[in-house]
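Okay, so here's the structure we're looking at.
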Amino acid sequence: MPQETPKEIGTDMPDEFPAERRTDSAQERPTSADIARPTGAPDFALSHPEFSVRTQGVAKQFDSPEPAREALRDGSADMVVGAIPFDASRRWALSVPESVTSSPNPLEPPSFYRSGDFPSFTLASQMPSPRLHRDRVAHAVSVLGSGELDKVVLARRELFRADRPFDSRAVAARLMSANPNGYGFLTDLSAAGPGYSKHYLVGSSPELLVRKKGNRVTSFPLAGSTARRTNPDEDEKAATQLQASAKDLREHRYVVEHIAEVLGQFSSSVVAPGVPELLSTRELWHLGTPISAIVDDPEVTALDLAAALHPTPALGGAPRQPALDYILANEEDRRFYGGAVGWCAADGDGIFMVSIRCGETDEANRSLTAWGGGGIVSDSDPDSELDETKVKLTTIRKALGL
Ligand SMILES: C=C(O[C@H]1C=CC=C(C(=O)O)[C@@H]1O)C(=O)O
């Protein structure tokens, strides 16, 4: 597996996330991080085109799913919100909020966050470098298909530094405004313990891991992508080509098969169409399949389903365990990227989005680390895969004003 020597941009990329050092003068302009906030400033927010949930305060925190499940079961929690890390054996970031506001509409962040003072961000480092990511894809391609691995998802990250402190909510608000159909989210990661205190995960994910409403369960996995084109005819052509691409259809099929199989453990009526649909974001076309099921056991919750489904081959690979072993052995820690963000109520209803097109802010509110990845199969092209991560990272870059 190719290793990083030397880094292309910056040599100061922390492998973990130490507290940022402040080297600037104390004389700074006030920012949305330190001037009066709207009173409803949330600690967790998830916006969906048809509904939204915002919460404030933390009554209890959990770093694993079992006590959260127990709190929902024994009536001590009405709702649990938060995030599942990519590596589910690590500490989760779940909490019971003090107050919850739900609405039948998507969130409309106050103008204070959408258009208030916002710092300048600069790209400080990349890990791995674009060149190394390309080499890693080439290496994966060389082992895929010949052994036990059929698909593996590889990702890279970019660290952005701000010229003054910022509020994570301002980044979330900009993501929500720019992607109104994109399920914007914000969640505090403090419950995951050391290294996550006052870190927030913010993003705008188009990928639904699972939603449960009554006994009905839906999932809308994505895999197989191409960049949007500015010319409408070329854009349409790119979408048509994606729908016909054998490589992308294969990449997609592993995900649908996994989800149908896992949901089949909870339901005798899983419906998974054989042909994917097209889904577009501002930056990309994706192949997506709407999967639905009716759960047989009324006690099963959205949190149970998210825990069982995660990580799907849209972020891990196929078969699941060898793909995860490959990623954990060959890539830097993904932390909460590639996990899931959402909420689960005591009646079992809830929603979890896959945490992609997202970034993690640091405790000092001075930096954000964003990730972008893509599924690799035996006929993937390393240069195209690198380009795809660049396009995926533009969701966050644009929100930062880059
Ligand atoms: C891994 C990411 O995207 C996943 C979701 C949609 C399409 C994907 C793809 O075409 O590879 C990925 O599976 C990411 O955005 O970082």
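Things to note:
- Subset of the range 196-234 [more than 15 Å from Ala83 (Cα to Cα) and out of contact with any strand residue (DSSP E or B) (no Cβ under 8 Å at 6 or more places or on another chain)]: Lys213, Gly214, Arg229, Thr230, Asn231, Pro232, Asp233, Glu234
- Top-ranked residue of the range 255-299 - restricted to ones that are within 16 Å of the ligand (Cβ to nearest atom) and of a type in the set (Val, Ile, Thr), ranked as surrounded by the most Cβ atoms within 10 Å (Cβ to Cβ): Val255
- Strands (runs of 3 or more DSSP E) lying entirely in the range 46-151 (those with 3 or more residues that are hydroxyl-bearing (Ser, Thr, Tyr) and without any contact (Cβ under 8 Å) to a residue 60 or more places away in the chain): 93-103
- The residues listed here are Ala323, Ala329; of these, the one that is among the aliphatic types (A, V, I, L, M), more than 16 Å from the ligand (Cβ to nearest atom) and more than 30 Å from Phe166 (Cβ to Cβ) is Ala329.
- Only one of Gly350, Gly401, Gly339, Gly372 that is within 8 Å of the ligand (Cβ to nearest atom) and either among the small types (Gly, Ala, Ser) or buried (at least 24 other Cβ atoms within 10 Å of the Cβ) (or both): Gly372
- Test: Leu201 is hydrophobic (A, V, I, L, M, F, W, C), surrounded by fewer than 24 Cβ atoms within 10 Å (Cβ to Cβ) and in contact with a Leu (Cβ under 9 Å, 6 or more places away or on another chain): no
- A search for C-beta distances below 7 Å between a residue of the range 196-214 that is free of Cβ contacts under 8 Å to residues at least 24 places away in the same chain and any residue that is buried (at least 23 other Cβ atoms within 10 Å of the Cβ) and β-branched (Val, Ile, Thr), counting only pairs 6+ apart in sequence or on different chains, returns nothing.
- Scanning the range 183-198 for residues that are part of a loop (DSSP other than H, G, I, E, B) and buried (at least 23 other Cβ atoms within 10 Å of the Cβ) returns Tyr183, Leu189, Tyr196.
- Total residues in the range 230-254, condition free of Cβ contacts under 8 Å to residues at least 40 places away in the same chain and either surrounded by 18 or more Cβ atoms within 10 Å (Cβ to Cβ) or within 12 Å of the ligand (Cβ to nearest atom) (or both): 5
Just so you know, all these numbers are worked out from the coordinates, no wet-lab data involved. Only a predicted model underlies this, so the values are computations on that prediction, with no experimental measurement involved. Heads up, the Cβs are rebuilt from the backbone with ideal geometry, glycines too, and the neighbour counts pull from every protein chain shown.
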